[in-house]
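To start, the structure itself, in structure tokens.
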Amino acid sequence: MSKKTHRSRVVAVVLVVLTVSVIAAIATMVIFFKIQTADMNPTSRPTISPSTTPAPPVTRLPRSVIPDRYKIFLHLQFYTRTPEFENTTNENQTERFTGNSTLFFKSVQRSSAIYLHSSNLTVFDSVVRNVDTGEVVESRVEYNHEWSEFLQVSLGQALEVDGNYSLSLKFEGWMAFLNGMFLSIYEERDSETLRFLVVTHMQPTDARKVFPCLDEPDLKAVFQLNVIHRRDSSVLGNAEIFGKRKEEEFLVSIVITQFYPTPRMSTYLLALAVSEFTPTPSLHDRVQINVTAAGHALFAANMTGKILQFFEEMLGINYPQKKLDQIAVLYLDPEIAAMENWGLITYLEEVLLYEEGVSSLLDKETITEMIAHELAHQWFGNLVTMKWWNELWLNEGFATYMTYKAVDQVEPHFKTVRLHLQAAFSQDVLASSHPLIPPPEKVQTNSEIKDMFDDTTYTKGAMILRMLVDIVEERVFNKGIRSYLLDFSYRNSETRDLWNHIQKAVNEDGGHTRVAEVMESWTTQTGYPVITINTSNGEVSQKHFLLNHSSESRSERRELPWLTVDLNLTLKKEELISKNEDWVLANVNWTGYYRVNYDPGNWQSLLTQLETEPQKIPIMNRGQLIDDVFNLARAKLVNVTLALNFTRFLRKETAFLPWELAIKNLKYYVHMFDRSEVYGPLQVISSALSQHYQDTPPPPTPHLHNQVLAINLGCSSGLPECVSMARTMFSEWMNNTDYSIHPNLRSEIYCHGVAAGGVAEWEFAWRMFENSIDISEKEHLKEALSCTKKIPSLNRYLQYTLDPEKIRLADVASIISFVVRNVAGQAPAWDFVRANWDYVENDCFSDRWTAQCFCSSSYLFVCLFFFFLQMQQFFVENNMQHSVDAQKCIEEVQVNIQWVHEHRDILHRWFLHEAAA
């Protein structure tokens, strides 16, 4: 996170921040003062006698005032184009902004102080007025501790209960880095001229960095925004533009853009963008939809109208605004990638823009998913918002689930999106995980709130909704959520409100499911269960699935049974008994959020079926069986050789999901044993994939993912045919830059071409990266540069991240992550982060990212225990040892160390046997 006086170092390199001329400054101040005071009757600064005020809040605002609306003026002084004044070549640019705001509110209890949030702002000149009587209440800004981010306005007399008041404040601040309001850059595609724009990102707790406000999600209000900006730029906001007025005095040309009031919404959804972009329209019969970017916005524009219409029809509620803008920017928090601001959605360029002939089909899928997710938020999060951040899943879990419903409707051949729903399984297997709904007292600080934005919230939330749909039936579920949305429109809700509405729909349909009772264990407990079925006698048991069963769950709740009568596999005991060597399959279509274990006989029967006629088992379950058996082996609930035996059926498998999950699990073995004697014979697995990449022209869509995965695993494992193909195609490109590698294969060919080459290949890739203006191409090359096996080149790449002229700050975290994935890059990346921690911590990423990045490559610490000790020491030295992600990382590494120690010999024997077969 940015410090109080921090400014973007990217911008600092290309800008020399100077004070604008005295004449211009005076003129601007005069104009702005007129605007500020036009509808006010300021009084002289009051002298307030000492009075008793309530103690300042610790983490949450008191509920003594209820907001109605804000009237906000923001004056932005930045230039969209670098100005050059006579007799100087210095760039005159500023990230400073000023403004004033008026909060209209109702007092619901007597209080001699008003508390708001404010961060990194200088706030002054408070005016409190009784709106009912017109009386001015003496006030002053008295208290603002940076660590608490609370602002106190002390009053000369207490506010009356049920009184209507207004609080006007003036403020000034500086743009931050990737949060609040910040400066971004882009190049014009025709001239490659540098341009600047301003964009905002307020979620979860950064509206307070732009203006003083009641910055908590249940304190909703209407926002009337006015933006003062330079003449050559235009402004987008949440609502439609009401009007524009030009002012020109003392050589200063400004525009005052006024917006219509927004719908009633939370502060974190407020947004604005100031740029010179040209919009690309999208078709919709009622809503004016535009995609605003530096170019290549047509695909996104075409998809937006289709998806918005799908949600309107499915949910039975029209999108409530008359316009919807989407803007693509070069800089946005890379961990977020997009933000659902009501009426003005922001995206990173690489997840919204598609260039024909350069972007791949996989890029299309990503863009479609991203748009669907953000549009789903217009109902789940914007129209109805969770009451507090501990129930963030009501926003993000719903948006994730609805994403796949929308994509399946508008682009049915993108069926692979189902895979992403399984991400929660791999994150929810440690004792240090958290429940889907932690107690509110566990989510209070800014860091605790930000920790909620993880796979548990997003994908576990989506998975339990998918499971609930399977229990109550989709038409009943949809009826319940329509009722829920209607009832809580423009308000805040809790999980029990959702369950109540689905329960009502169940009752009206004649069902008997007790929704809240069924779902409580899945939302309030950490993790998920493993269901064990003994097909010899029909017995079923359940327990918490943990990779390390010696760990005690850190949940403070008593353990509740996950499976109740409503979820008991919908089978009678006798139906779970295997007859005549038939197999039993539970969790059909993988709708349940749990793993299934069987007795050895049933596992063998399932394996036999997969090796002979795999199509008799649904695709989703073929993927589930692979994922379950490998993870059960990691938890030491089945023999590891059983899991490896399940890879044999892949020789007859053509579907994407089983392959993807098999490769994901096999890569765990590759990573754990890459520095051991097991690694050599492990390469035999790659030979089974050779048929999938022999033909370099891309196959039909359903098989494209298989081909990309096959190239990835084959070349990563050093399979000669694969490496030769990648080297040849990359060499052809080096010799003739007009040589076209198909966009669908570029990411793999670039990476493995660089990996198989030397310094010359790396230098070529770097030159192409520097010179490319294509978003997708730069993304492919950015990752490919980290694939080299040459340590000097990797060190050089890491050093480049310290120079914002070479690597934008927003890319530093992802580049280090890419290097860490490369076995050759793990030690250099670890040394680099420790040596440059002050830079990367302040400017590039958070403690959370550091833990996640190196823990995702925890095999470095498993194989070289010395590095694990260094990691623990590093967390302690930098006060990170108590963070959730650091604790998860340490636990995961410890589990892996123990597992590798116990299974090395068994795995070595199995791979040797397979290699000899």
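The values are calculated or read from the model by the stated rules, or taken from the named source; none is laboratory data. Note that the structure is predicted; figures quoted are calculated from it, not measured. Glycine also receives a Cβ, built like all others from the backbone with ideal geometry; neighbour counts cover every protein chain displayed. Surface areas here come from the heavy atoms of the whole protein model, side chains and all, with no ligands, DNA or RNA. Shrake-Rupley method; radii C 1.70, N 1.55, O 1.52, S 1.80 Å.
Looking at segment 307-393, the GluC sites (Glu not before Pro) that sit in a DSSP loop and have at most 12 other Cβ atoms within 10 Å of their own Cβ are GLU356. Cross-link partners for LYS789 among the lysines, with Cα-Cα distance under 29 Å and sequence neighbours closer than 8 places in the same chain left out: LYS664, LYS667, LYS778, LYS806. The convex hull defined by the C-alpha atoms of segment 731-783 has an orientation-averaged projected area of 3.3 nm². Other residues whose C-beta falls under 13 angstrom from the C-beta of VAL443 contribute a net charge of -2, scoring Lys and Arg +1 and Asp and Glu -1. Spherically averaged projected area of the convex hull of Cα atoms, segment 146-220: 7.9 nm². Please name which of TRP659, VAL629, LEU642 has its Cα lying farthest along the dipole of segment 627-670 towards the positive end, using unit charges on Cβ (Lys, Arg +1; Asp, Glu -1) and the Cα centre as origin. Checking the options against the dipole of segment 627-670, the answer is LEU642. The packing ranking, built from the mean of other Cβ atoms within 10 Å per residue, places the peptides 643-649, 509-515, 235-241 in the order 235-241, 643-649, 509-515, highest first. For GLU95, GLU770, the ranking by accessible surface with the largest value first comes to GLU770, GLU95, using a 1.4 Å probe. When only the Cβ of Lys, Arg, Asp and Glu is charged (+1, +1, -1, -1), the dipole of segment 218-310 relative to its Cα centre reaches about 200 debye.
So which aspartates and glutamates pass the test for LYS246, namely a Cα distance under 16 Å, with those fewer than 8 places away in the same chain ruled out? Cα-Cα hits under 16 Å: ASP232. Across all Cα pairs in segment 335-490, the calculated P(r) in 10 Å bins from zero up to the longest distance comes to 10, 36, 38, 14, 2, 0 percent per bin. Pairs of Cα atoms in segment 636-676 fall into 5 Å distance bins, from 0 up to the last occupied one, in shares of 5, 20, 25, 27, 15, 6, 1 percent.
Summarised in one figure, the compactness ratio Rg/Rh of segment 233-366, Cα atoms and Kirkwood Rh, is 1.00.
Please give every one of the lysines within straight-line cross-link reach of LYS306, meaning a C-alpha to C-alpha distance under 18 Å, and leave out same-chain neighbours fewer than 8 residues apart. LYS306 reaches LYS322, LYS323, LYS364, LYS405, LYS415.
Listed peptides 656-666, 797-807 appear in the order 656-666, 797-807 once ranked by packing, highest mean of other Cβ atoms within 10 Å at the front. What is the Cα centroid distance between segment 229-271 and segment 776-843, reported in whole angstrom? Cα centres, segment 229-271 to segment 776-843: 39 Å.
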